[in-house]
Amino acid sequence: MATTLKDKVKQEGVKLLGHPRLQTLMQDERFMKLVMAALSVPGKLSSLSEEQRAHLVKALGLATADEVRDLKRVVRALESELAEVRAELTAMRDGEK
């Protein structure tokens, strides 16, 4: 039976949890506070206002969903235009033969 990515990640995670260095690290209170803070980030992000999210996205240099949607629209238009130009070029070449 084929192993899925999820199964492989779980399997490797279990191996990692048994590693002595990780067990030592997990006993460090500072490390566990860091892990808990990292795990709480998605919940904190969902509670941000739209204005706060926009500011965070801009500060991190990320594209917003609207910007991605606009870029996809532009790419589709350019692909369509490129296909037309290629068709014209092929027609011109076929006319010369």
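Each reported figure results from applying straightforward, stated rules to the coordinates on display, with no laboratory input. Remember, predicted model here, so these are calculated numbers, not experimental data. Virtual Cβ from ideal backbone geometry, glycine too; neighbours counted across all protein chains shown.
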So what are the ³J(HN,Hα) numbers for the stretch 28-37, from phi and the Karplus equation (6.51, -1.76, 1.60; θ = phi - 60°), rounded to whole Hz, Gly and Pro as x? 7, 4, 5, 5, 5, 5, 5, 4, 5, 5
If you only keep lysine pairs separated by 8 or more in sequence, or across chains, how many in the chain come under 26 Å at the Cα atoms? 8
For the chain, modelled as a GNM with alpha-carbon contacts under 10 angstrom, which of Val41, Val14, Val75 fluctuates the most? Val14
In debye, nearest 20, what is the charge dipole magnitude of the stretch 1-51 about its Cα centre with +1 on Lys and Arg Cβ and -1 on Asp and Glu Cβ, if you could check? 280
Order these by the 10 Å Cβ neighbour count, fewest first: Glu88, Glu96. Glu96, Glu88
For the chain, with +1 on Lys and Arg beta carbons and -1 on Asp and Glu, the positive-most of Pro20, Met32, Ala87 along the dipole: Pro20
Correct choice for Cα Rg over 2.2 N^0.38 Å that was computed from the model, options [x] 1.25; [y] 1.07; [z] 2.03: [z]
Pop out the ³J(HN,Hα) list for the stretch 46-57 in order, Karplus 6.51 cos²θ - 1.76 cosθ + 1.60 with θ = phi - 60°, rounded to Hz; leave Gly and Pro as x. 5, 8, 6, 6, 4, 5, 5, 4, 4, 5, 5, 4
With R₀ set to 35 angstrom, the calculated FRET efficiency between the beta-carbons of Lys58 and Ala91, to the nearest 0.05, is 0.15
